[in-house]
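Visitor: One structure coming up, written as structure tokens, with questions to follow.
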Amino acid sequence: MIRKFMKNIFGENFTENNAKLASVNFAIILLMFLLSGMMLLFLPEQISILHTGTTYYPLPSVLAVWLLPIIALVINISFIRQKRLSKMNSMVFIVLFVIMMASYLSQI
């Protein structure tokens, strides 16, 4: 059912091989969304998204926690549409997840 739905959305670009990689990537992104939602309870009202020396760029934490998971979701969908899914993409999403969690934990 899910595979049929995905094939309707992404067309012929969504093959059997891509289905496994896409499901792994979607699982990583879902984990990013879940942990971002849980971290929202512990983060201060504003968190920094960029630190360059004395320059400080704060965003409201309600907005900032969803920034990286949404970017990862858009990138994954674009990889599917361009037939560019690979194991390296999954590794990049894992690294992005680790960086995201490290940045949240450093701000608590």
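Visitor: Tell me which of these residue 44 doesn't satisfy, since it passes every other one: (1) in a strand (DSSP E or B); (2) out of contact with any Phe, Trp or Tyr (no Cβ under 8 Å at 6 or more places or on another chain); (3) open to solvent by 50 Å² or more (accessible area, probe 1.4 Å).
Guide: Checking residue 44 against (1) in a strand (DSSP E or B); (2) out of contact with any Phe, Trp or Tyr (no Cβ under 8 Å at 6 or more places or on another chain); (3) open to solvent by 50 Å² or more (accessible area, probe 1.4 Å), the one that fails is (1).
Visitor: Would you tally the residues in the range 83-107 being under 16 Å from the mean Cα position of the chain (by Cα) and among the basic types (Lys, Arg)?
Guide: 1
Visitor: Something else now. Restricting to the range 52-80, count the residues that are farther than 14 Å from residue 26 by Cβ and either in contact (Cβ under 8 Å) with a residue 24 or more places away in the chain or among the aromatic types (Phe, Trp, Tyr) (or both).
Guide: Looking only at that region, the number is 5.
The values are calculated or read from the model by the stated rules, or taken from the named source; none is laboratory data. Quick caveat, the model's predicted, so the values are computed rather than measured. All Cβ positions, glycine included, derive from the backbone under ideal geometry; neighbour counts span all protein chains shown. All accessible areas refer to the heavy atoms of the entire protein, side chains included, with ligands and DNA or RNA removed. Shrake-Rupley method; radii C 1.70, N 1.55, O 1.52, S 1.80 Å.
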